[in-house]
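The values are calculated or read from the model by the stated rules, or taken from the named source; none is laboratory data. Remember, predicted model here, so these are calculated numbers, not experimental data. All Cβ positions, glycine included, derive from the backbone under ideal geometry; neighbour counts span all protein chains shown. Heavy atoms of the whole protein, side chains included, go into the accessibility calculation; ligands, DNA and RNA do not. Shrake-Rupley method; radii C 1.70, N 1.55, O 1.52, S 1.80 Å.
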Amino acid sequence: MDPHADTLRDRWALILGASSGFGEATARHLATRGMHIFGVHLDRRATLDHVGEVKAAIQAAGRQAFFVNINAADDEAREQALDQFVAQLGEKAPRSLKLLMHSLAFGTLKPYVDEEGRADLNRKNLEMTVDVMAHSLVYWAQAIVSRRLMGEGGRIFAMTSSGGTRAIRTYGAVSSAKAALESHIRQLAYELAPFGIRANAIRAGVTDTPALRKIPGHEQLLSEAARKNPTGRLTTPADVAGAIAALSGPGTDFINGNVIGVDGGEDVVG
């Protein structure tokens, strides 16, 4: 028997960014572990068919799929989505959430200055990137705790990257967001510990996802990461999904406030 089944079965996972990449893989995997999925995503018409496929996979595992297509950084949309979730669950809503995963990858990929030394990144670009990719974690965590949707045994995970401590051209705004995200995780870990909730950041290795493919020069990033990784391959979304499930299981209550590498050792070789 799966040692995590009793811990996860019939609980809900709220996944921000559930329609692709790490969020999608984790939603699918947790459904096979017995979890229902509350998926938040932002998709236009062209990609909605794929969202339907993700929901169908969750339902095929015998689990519920409650998905909302919203801007997760919009305060009003967040509150409306949570209202709908509470209304659907009714009296079962309190403490129904076992897990919150923040996997939002929407930001500006511009250098701070262009090749002529002129400003390229502007205030709006930077503030939007950090708000979506970092600050939104705090607002969702505040909302679910204040509504008593998560309590003892709850887990919060945020997806970070080595860009939080390293410089990559065009990645400056995202790097600042990742650094802020890791700081928010530390503070949430500290403040939510008395509630029995644990918060950790997951630092994935370079992974071939739709978000990574938007980075200029991503081909070189992928080839270099595969060459240097001690395992001889890239990190996959499935690697991350499995780690999140494991970190939500028994014996993990004292893992709190960390940046946990899920990268096959990629980070240790630089």
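Considering the conditions (1) in contact (Cβ under 8 Å) with a residue 60 or more places away in the chain; (2) surrounded by 14 or more Cβ atoms within 10 Å (Cβ to Cβ), HIS218 is excluded by exactly one of them, (1). So, restricting to helices (runs of 4 or more DSSP H) that lie completely within the stretch 122-219, which ones have at least 1 residues that are touching a His at 6+ places or on another chain (Cβ under 6 Å)? Of the helices (runs of 4 or more DSSP H) lying wholly inside the stretch 122-219, those with at least 1 residues that are touching a His at 6+ places or on another chain (Cβ under 6 Å) span 136-146.
Within the stretch 234-253, residues that are assigned to a helix (DSSP H, G or I) reach partners that are open to solvent by 30 Å² or more (accessible area, probe 1.4 Å) and aromatic (Phe, Trp, Tyr) with beta carbons closer than 8 Å, at six or more positions or on different chains, in the pairs PRO237/PHE22; VAL240/PHE22; ALA241/PHE22.
A quick yes/no check of all residues on (1) touching a strand residue (DSSP E or B) at 6+ places or on another chain (Cβ under 7 Å); (2) in contact (Cβ under 8 Å) with a residue 60 or more places away in the chain:
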residue	(1), (2)
THR26	yes, yes
GLN64	yes, no
GLN88	yes, no
ALA93	no, no
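Would you call ARG63 open to solvent by 20 Å² or more (accessible area, probe 1.4 Å) and over 20 Å from the mean Cα position of the chain (by Cα)? Considered against the rule, which asks whether it is open to solvent by 20 Å² or more (accessible area, probe 1.4 Å) and over 20 Å from the mean Cα position of the chain (by Cα), ARG63 comes out as yes.
Look through GLY264, GLY257 and report the one residue that is buried (at least 18 other Cβ atoms within 10 Å of the Cβ) and part of a loop (DSSP other than H, G, I, E, B).
On the way: GLY257 fails: buried (at least 18 other Cβ atoms within 10 Å of the Cβ).
After ruling out the rest, the residue left standing is GLY264.
If the condition is being more than 17 Å from the chain's Cα centre (by Cα), small (Gly, Ala, Ser) and either buried (at least 23 other Cβ atoms within 10 Å of the Cβ) or over 18 Å from PHE85 (Cα atoms) (or both), then the stretch 101-160 contributes GLY117, ALA119, GLY153.
It is to be established whether one or more residues within the stretch 82-100 are under 29 Å from PRO216 (Cα atoms), out of contact with any His (no Cβ under 7 Å at 6 or more places or on another chain) and hydrophobic (A, V, I, L, M, F, W, C). Steps first, please.
Taking the stretch 82-100 and keeping what is under 29 Å from PRO216 (Cα atoms), we get none.
No, the stretch 82-100 contains no residue that is under 29 Å from PRO216 (Cα atoms), out of contact with any His (no Cβ under 7 Å at 6 or more places or on another chain) and hydrophobic (A, V, I, L, M, F, W, C).
Close Cβ contacts (under 7 Å, 6 or more residues apart or on different chains) running from residues in the stretch 166-182 that are within 21 Å of ALA73 (Cβ to Cβ) to residues that are in a helix (DSSP H, G or I) and of a type in the set (Ser, Thr, Tyr) comprise ALA173/THR129; VAL174/THR129; ALA177/THR129.
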